[in-house]
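Please read the structure below before turning to the comments.
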Amino acid sequence: MSYTGPDFDPPRPRRFRRGPLTVAVAALVPGALLGWLVYEAVGGPGDGGGSGNASVRTSAASSGTPSGPSPGSGSGSPDGKEPSASATSTAPPSPSASAPAASGPLKGKVVVVDPGHNPGNFRHTGEINRQVDIGTNRKECDTTGTSTDAGYTEAAFTLDVARRLRTLLERQGATVRLTQNADRPYGPCVDERARIGNQARADAAVSIHADGSAAGNRGFHVILPGAVHAGAADTRRIVGPSRALGERIAGNFVRATGSAPSDYVGGGTGLVTREDLGGLNLSTVPKVFIECGNMRDSKDAALLTSGAWRQKAAQGISEGIVSFLRGR
Ligand code: ZN
């Protein structure tokens, strides 16, 4: 492929910022609306990768609580297939299991990071089209995911962000497990992705995605589990903590990336509740999805294909998880 962007832009080993401003803002971020207000305060999106986070106005913290997200699935299509996209090369696989945590504020905490899709899914359509039970109904084992016009696949994106996120969380002392690390030919199926988090007794789980919505639609959104109780699915005990996790991630994602919440789902909150995703329905631990941007929009794609931006994305997700786990 002619694409030569992110794979040549190595992760930047940044120290986790825990200066007074970071701590203060993290403590004051209750939800996505605050994140949006902070976003507005720093002057909106910059097409070059965000407006930075040096000028966060803490006055935004006095602005009340977020309104509820729009229920239902909206127009998002996180698992939309893009059969025309080809699999691009990814970084060499490394073991899925993390190294033992040494020390840090998250010592003893387990985080499961789920890179959506799998670069090999394009070559295993028969296997991933197999139906699996997600409690409420049956659904495909997995999907190929979407891609940018230039052929940068969602599966490559999710793996890269997941690896960066793992590094950041391990630096905080967490034990991190990836559900896949391009170390298997396809999948796992969505039910297994949930099971991995459950069996690890994860304190938090996050599934990384990028959306395949229409060009012109922009921004990120965090998907929260709705309350479902059917078959093997029973999310009633995780709805509350998952919302808390999702609000922390959304607020920190805005601050770290400068990206705006989705302008096409969620009513500007950056939060969407869904009851049709097996990875959420079957989870028994606090879990959210994040759609980091829209790969089908050229401006969002310019961000998603930037290694520097992906590092900011991982930083925002990490700080949201840290905030959630330290606040319990
Ligand atoms: Zn996806």
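Brief remarks on what is shown
- Applying 1/(1 + (r/R0)^6) with R0 = 30 Å to the Cβ-Cβ distance of A215 and T125 gives a FRET efficiency near 0.75.
- Student exercise, the stretch 218-328 dipole from Lys, Arg, Asp, Glu Cβ charges, in Debye to nearest 20: 340
- In order through the stretch 119-126: 3J(HN,Hα) via Karplus (6.51 cos²θ - 1.76 cosθ + 1.60), integer Hz, x for Gly, Pro: x, x, 4, 4, 9, 9, 5, x
- Centre-to-centre, using Cα atoms only, the stretch 239-290 and the stretch 109-179 are separated by 16 Å.
- Taking amide H as placed 1.01 Å from N in the peptide plane, the amide H of I134 sits under 5 Å from that of K139, each at least 5 places away or on another chain.
- The packing ranking of peptides 165-173, 236-244, highest mean first, is 165-173, 236-244, where packing means the average number of other beta carbon atoms within 10 angstrom of each residue.
- Where the alpha-carbon atoms of the stretch 173-319 are placed on the principal axes, they occupy 40, 35, 30 Å, in descending order.
- Calculation over all alpha carbon pairs of the stretch 99-144 in 5 angstrom steps from 0 returns a P(r) of 5, 17, 16, 14, 12, 8, 12, 12, 4 percent.
- Amide H contacts of V176: S98, V111, each under 5 Å away and 5 or more positions distant or on a separate chain (H built 1.01 Å from N in the peptide plane; Pro and chain starts excluded).
- Among L224, G187, N252 the positive-end extreme of the charge dipole of the stretch 168-284 (Cβ point charges): N252
- Gain in span if fully extended, A302 to K107, counting 0.36 nm per residue against the direct Cα distance: 66.6 nm
- Ordered by the number of other Cβ atoms lying within 10 Å of each residue's own Cβ, fewest first, E275, E319 fall into the sequence E275, E319.
- Close amide H pairs (under 5 Å, H built 1.01 Å from N) link N294 with D211, G219, residues at least 5 positions away or on another chain.
Values in this text are rule-based calculations from the coordinates and carry no lab data. Keep in mind that what you see is a predicted model, and the values were worked out from it rather than measured. In this analysis, Cβ positions are derived from the backbone assuming ideal geometry, glycine residues included, and neighbour counts consider all displayed protein chains.
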